[in-house]
Every structure is written in structure tokens, then in C-alpha cells.
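Please read through the structure below; I'll follow up with questions.
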Amino acid sequence: MGVLAGRTALVTGAASGIGLAIARHFAAAGARVVLADRDPSVRDRAAGLGAAATVFDASDEAGVEQGVAEATAALGRIDTLVTSHGILTESPVATMPLATWRQTIEVDLTSVFLLCRAVLPGMIERRDGRIVNVASQLAIKGGVGLAHYAAAKAGVVALTKSLALEVSRHGVLVNAIAPGPIETPLVDGISEEWKAAKRSELPLGRFGTVDEVAPTAVLLASSPGGDLYVGQTLGPNSGDVMP
Ligand SMILES: NC(=O)c1ccc[n+]([C@@H]2O[C@H](COP(=O)([O-])OP(=O)(O)OC[C@H]3O[C@@H](n4cnc5c(N)ncnc54)[C@H](O)[C@@H]3O)[C@@H](O)[C@H]2O)c1
């Protein structure tokens, strides 16, 4: 029996990278999972796991409501929400178009509020729920050309803490994961020079893999392993930040 046997989960960003790995690790731990993404290829990823999929834009209010309703219909109830969708672009503040700022805040932060809000009523009613938001260590350390992304992720950490204070007494535990640099398509666009410089700064001397991040989400979703984590931000980050 896996540590998530009998549990259900909705995982966003599950067409790729960290979200897909979390969906795989959840399924391997015994959870029934719905994989969500705006990329329709999430259906193929889900089929590979024998799981269901839902396709929606996490920054769209109606899309989130519909996606959560579909996932609830497929699973019966959502015990665990993992938000692992996201975008990353580079732009210095001095020349950043307002549209770039707004898009990042909408996709990387507002979407997390929308998803949490959509799953909370059922979790509170059952007095049973886990929410795991994937933030980033850049929420803590900031990044050149990444003010919009870092601000959105800092918002995710603050949302996570505030929501944890609101709902832990109702049986819902809310936490975040702040990974360091992880080899996924999200960082594919970054130059090799930057990546080499970054690797040399890391105490471990290398980027992480998605399979080194996903077990932290399994821990936070599990019981008793995750039972004492409330409003925390765990950092699988190769030692880059030690808050
Ligand atoms: N890779 C890293 O180094 C790293 C480090 C820290 C944090 N993160 C965070 O981890 C999470 C996953 O990133 P990843 O590295 O796996 O990237 P990825 O690009 O491999 O996966 C991100 C997924 O999110 C989906 N997505 C993007 N916008 C969406 C939207 N509006 N609605 C629904 N789905 C959407 C994409 O289609 C994609 O499948 C993100 O929140 C990212 O910010 C990544």
C-alpha cells in the first residue's frame, strides 16, 4: 500500500516537468489523480498513467471552475490540490511591458488563488484537504530580469501562509515547495552560459531533476508524514538558498 492509497489529487501543470513528475509519483504512491494543463497533450500523459485529464487555462476564472468540476466528477472528491503550472520570461524592470508583468502575475499567482478558492469548499466541508503550491526559491532571493516571476512566486508563498492560517483549523493543510533550478522545459530557453555559471554557484554543483522534487509533494500530501506542516515552504534547491 502506498502512502497516498485511497487519496485523490488534482495536479496542474501536469503535461510537463515537475507537475507531470508529481502526478507520476502520486499515482505510484496509490493516489487517484486528475492531470490538468492548458496544453491538450496532458491527455496523453494522463492516459499513460491510466488517469483522467482536464484541459483549462489556470488563469481563467471560468476555466478553473469548469476544470475543478470535471476533476471532482472524475474523482468523487478532491483531497489534494497541487498547483505546478507556470510560465517564466526574462525582462529587466526598466523596459518591461505592463502586459508582461500582468501576464506573469495572472498565470503564476492569480491562478493559484482561483484554484485554491475552487477546491476549498469541499475540503472544508469534509474537514480534510491538502494544498501544495509550487513556488520558487526566487521568491526568497529574487532574480535579475525576473522581478515579475519572483514577485508572483513571493505572492504564492504569502498566499500559502495566509490560507494556512485561515483553514488549518478546518482540517485543510496548505504548504508550498520552492524548488531551485530543475532540469525542465521551463529552463530550456535560458542560455548555456547562465546555466554553467549557476551550476558553479550551487553547493551541489548541479541542477535538480523532477524526480528529486516530486517526493516533497508526496510527503506534504501524506499522513502522518505531512501532518505537522502548516504554511511551510520546503526547498529542494541544491543548497542555493538556506532561509
Ligand atoms: N524548472 C525550474 O527550475 C523551476 C524552479 C522553481 C520553480 N519552478 C516552478 O515549477 C512549476 C512547474 O514548472 P516546470 O519547470 O515543470 O515547467 P514546465 O514548463 O515543464 O511545466 C509547466 C506546465 O505549466 C503549464 N501551464 C503554463 N501556463 C498555464 C496556464 N495558464 N494554465 C494551465 N497550465 C499552464 C504548461 O503548459 C506546462 O505544461 C512552475 O510553477 C515553475 O514556476 C520551476
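Let me confirm something: among Leu173, Leu220, which residue is surrounded by 14 or more Cβ atoms within 10 Å (Cβ to Cβ), modelled with pLDDT of 95 or more and over 18 Å from His25 (Cβ atoms)?
Leu173
Take the residues of segment 67-79 that are charged (D, E, K, R) and part of a loop (DSSP other than H, G, I, E, B): which is surrounded by the fewest Cβ atoms within 10 Å (Cβ to Cβ)?
Arg77
Mind checking which residues of segment 1-27 are under 20 Å from Gly225 (Cα atoms) and within 16 Å of the ligand (Cβ to nearest atom)?
Ala9, Leu10, Val11, Ala21, Ile22, Ala23, Arg24, His25, Phe26
Further question: Can you tell me which residue within segment 46-94, out of those that are among the charged types (D, E, K, R) and modelled with pLDDT of 95 or more, is nearest to Val3 (Cα to Cα)?
Filtering segment 46-94 for residues that are among the charged types (D, E, K, R) and modelled with pLDDT of 95 or more, the one nearest to Val3 (Cα to Cα) comes out as Asp79.
Moving on to the next point. Identify, please: which residue in segment 30-59 is touching a Leu at 6+ places or on another chain (Cβ under 8 Å) and in a loop (DSSP other than H, G, I, E, B) and is, among those, farthest from Thr12 (Cα to Cα)?
This residue is Gly30.
Mind checking which pairs have a first residue in segment 147-171 that is of a type in the set (S, T, N, Q) and a second that is part of a loop (DSSP other than H, G, I, E, B), Cβ under 9 Å, 6 or more apart or different chains?
Every condition considered, the pairs that remain are Thr160/Ala135; Thr160/Gly231; Thr160/Gln232; Ser162/Gly231; Ser168/Val230; Ser168/Gly231.
Could I ask something else about it? Checking the conditions here, which among Ala135, Ala94 is of a type outside the set (Val, Ile, Thr) and away from the ligand (no atom under 12 Å from the Cβ)?
Going through Ala135, Ala94 in turn, the sole match is Ala94.
In segment 196-211, which residue that is exposed (fewer than 15 other Cβ atoms within 10 Å of the Cβ) and touching a helix residue (DSSP H, G or I) at 6+ places or on another chain (Cβ under 9 Å) is farthest from Leu88 (Cα to Cα)?
Per the criteria, the residue is Gly205.
Looking at Val64, Val82 in this structure, which one is assigned to a helix (DSSP H, G or I), touching a residue at least 24 places away in the same chain (Cβ under 8 Å) and touching a Phe, Trp or Tyr at 6+ places or on another chain (Cβ under 9 Å)? Steps first, please.
Numbers: Val82 fails: assigned to a helix (DSSP H, G or I).
The match here is Val64.
Let me ask something else about it. Run Pro179 past the list (1) within 10 Å of the ligand (Cβ to nearest atom); (2) farther than 21 Å from Thr104 by Cβ and report the number of the one that doesn't hold.
(2)
I would also like to ask the following. Take the residues in segment 85-123 that are within 20 Å of Asp39 (Cα to Cα) and aliphatic (A, V, I, L, M); name whichever of them is surrounded by the fewest Cβ atoms within 10 Å (Cβ to Cβ). If you could, list the steps in order and put the result at the bottom.
Of the residues in segment 85-123, the ones within 20 Å of Asp39 (Cα to Cα) are 85-89, 103-112, 114-115.
Next, from what is left, pick out any that are aliphatic (A, V, I, L, M): 87-88, 105, 107, 109, 112, 114-115.
On the way: Ile87: 15, Leu88: 19, Ile105: 17, Val107: 20, Leu109: 24, Val112: 29, Leu114: 21, Leu115: 23.
So, considering only residues that are within 20 Å of Asp39 (Cα to Cα) and aliphatic (A, V, I, L, M), the one surrounded by the fewest Cβ atoms within 10 Å (Cβ to Cβ) is Ile87.
The values are calculated or read from the model by the stated rules, or taken from the named source; none is laboratory data. For clarity, every value in this text was computed on a predicted model and none was experimentally measured. Cβ: placed from backbone, ideal geometry, glycine included. Neighbour counts: every protein chain shown.
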